[in-house]
Ligand code: 48F
């Protein structure tokens, strides 16, 4: 019966997909622009990479542009990345370009998946696997389980490297520091917290702060700003794109040995 076949098709292919992703090269927590860009460049290099995003619709803070005016701005420096994702754009002035935020987010997602990355939506990463003082994977649960505060144990996914791309809350860095009493590679050894808005400084520092913040754990995007205590930058997205590409390059170099 077609009714049974539809259900069987979904269940068997979903669990195949899950099984294929239980032991990753890179687990990216957060499907915001920086995490998606990182997934795209890593997948293109042939690495096994998956994004875990808490929401039904990954894309993070990119869909809404600024104040729900669905346009974003990107500076010249990041236009090679915009072109890799074939996003339609229009020149403003002073090396600034503007683009539709819905097309931009959809293009990032489309190209990441087509490059070979897997996206698991509705997954919340509630912890990491921490072995021999190294971050070695993620602990995942259904977002509705956590929202309803149901007492249900999570599942574990091994990864050679984990990326904290959780945005303003830098959730994974906070969890690693709090639960394991370890020092992160920041001025204080902890999560400093993002500073108020300064566009130029925010854009420069988000890329500078993209790094291995603890053995096995990298940080990108707004999470990198929050961890290192650098300014937010608002709806200019070049820094997010460049941070995603940088974290992919850093991890690819490590994976290649
Ligand atoms: O915040 P977000 O868009 O990440 P980003 O790549 O980009 C920031 C910009 O959107 C914007 C900005 C740029 O100028 O300031 O804010 O740093 O997306 C973060 C994603 O992480 C998911 C969340 O649902 C969102 O889609 N997320 C956060 N915590 C978790 C998570 C978690 N614990 N588990 C799974 N997903």
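Nothing in this text is a laboratory measurement; each read-out follows from the coordinates by a stated rule. Please read all numbers here as calculations on a predicted model, not as lab measurements. Methodologically, a virtual Cβ is constructed for each residue, glycine included, from the backbone with ideal geometry; neighbour enumeration extends over all protein chains shown.
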(request) Note the direction-averaged projected area, equal to a quarter of the hull surface, for the Cα convex hull of the range 71-211, in nm². (result) 11.0
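What's the FRET efficiency of residue 153 with residue 86 using the Cβ-Cβ distance as r and R₀ = 25 Å, to the nearest 0.05?
Details: r = 42 Å, r/R0 = 1.68.
Efficiency, rounded to the nearest 0.05: 0.05.
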(message) Please list log₁₀ I(q)/I(0) at q = 0.15, 0.16, 0.19, 0.20 Å⁻¹ for the range 1-149, using the Debye equation with identical point scatterers on the alpha-carbon positions.
(response) -0.87, -0.96, -1.17, -1.23
(message) Taking R0 as 51 Å, what FRET efficiency do you get between residue 255 and residue 2 from their Cβ-Cβ distance, rounded to the nearest 0.05?
(response) 0.70
(message) Test of understanding: extend the Cα→C-beta vector of residue 197 to 7 Å, then name every residue of the range 80-120 with backbone N under 20 Å from that spot.
(response) 92-102
(message) Considering the Cα positions of the range 1-68, please state its Rg to one decimal place and its Dmax as a whole number of Å.
(response) 15.5, 48
(request) Report relative contact order for the chain in percent, whole number only (criteria: Cα-Cα under 8 Å, sequence separation at least 6). (result) 22
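What's the ranking of 141-149, 202-210 by average number of surrounding C-beta atoms within 10 Å, highest first? Write out the running numbers ahead of the final one.
Details: 141-149: 13.1, 202-210: 22.2.
Put in order of decreasing packing, that is 202-210, 141-149.
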(message) Let me check against my output: what whole-number percent is the relative contact order of the range 152-204, with C-alpha pairs under 8 Å and at least 6 apart?
(response) 19
(message) Please report the projected area of the chain's Cα convex hull averaged over all directions, in nm².
(response) 15.1
(request) Counting helices only, and only those DSSP H runs with n ≥ 4, report the 222 nm mean residue ellipticity of the chain as the sum of -39,500 (n - 2.57) divided by its residues, in deg cm²/dmol to the nearest 500. (result) -12500 deg cm²/dmol
